[in-house]
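Derivation of every value follows stated rules applied to the coordinates shown; laboratory data play no part. Since this is a predicted model, take the numbers as computed values, not measurements. Here Cβ is always computed from backbone atoms with ideal geometry, including for glycine, and neighbour counts include all displayed protein chains.
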Amino acid sequence: MSDRKYGQKGYQDSDRREKRARGPQAPREKKEGPRGRGLGAPTATVFRCVNCGTKIPTTGEVAFTDACPKCKTDLHTCANCSHFDTAARYECRQPIPERIAKKRDRNDCTLFAVKATVEFAADERRPPDDARAAFDALFKL
C-alpha cells in the first residue's frame with residue numbers, strides 16, 4: 001500500500017523536473033514596419049455630425065450658425081465639441097463657469113473645438129458590378 005493519499009500517477013511524484021531559475025534575458029528584436037490592425041493604412045481626419053453621422057467638410061472651424069446639410073441640426077454644440085466628456089464637471093474638460101443644460105442645442109461657448117476623428121481612408125477602387133468580373137479580378141495575374 002502506498003503512503004500517498006491519492007494513487008493517481010503524477011501526484012507528488014519525486015521525478016518532476018525542478019524548475020530552472022531563469023536569468024536575465026536579452027531584449028527581443030523589434031520588427032520593422034507597422035504592427036497591429038490597420039497601422040500603415042491610409043487614414044483621413046474627418047468631422048461627423050453627432051446626430052446623423054454625416055461627414056462634414058470643415059477647415060477646422062465651425063461657425064456659430066452652421067448646420068448639418070443632411071439632418072439640419074446645429075453643429076456648434078457641446079456634443080460636437082472635442083472637450084465634451086460626460087465624466088467631467090459640467091460635462092466639459094475645460095473650466096467653464098456654468099453648466100450648459102442641453103448639449104445638442106446651439107451655444108455660444110468660446111472654447112468650442114471641432115471633434116475630429118481619424119478614420120481609415122476610403123479605398124478608391126470600386127467593386128465590379130458583375131459577379132463574374134469580381135471573381136476574375138480575384139485571380140488576376
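Structure notes:
- Using a cut-off of 30 Å between Cα atoms, the listed pairs Lys70/Lys102; Lys30/Lys55; Lys31/Lys55; Lys55/Lys140 include Lys30/Lys55; Lys31/Lys55; Lys55/Lys140 as exceeding that distance.
- Relative contact order, whole percent, for region 48-119 stands at 32, derived from Cα pairs under 8 Å and 6 or more residues apart.
- Reachable lysines from Lys5, criterion Cα separation under 28 angstrom, eight or more residues apart if same chain: Lys19
- Low-density loop positions, trypsin sites (Lys or Arg not before Pro), region 42-114 - DSSP coil, at most 15 other Cβ in 10 Å: Lys70, Lys72, Arg93, Arg99, Lys102, Arg104
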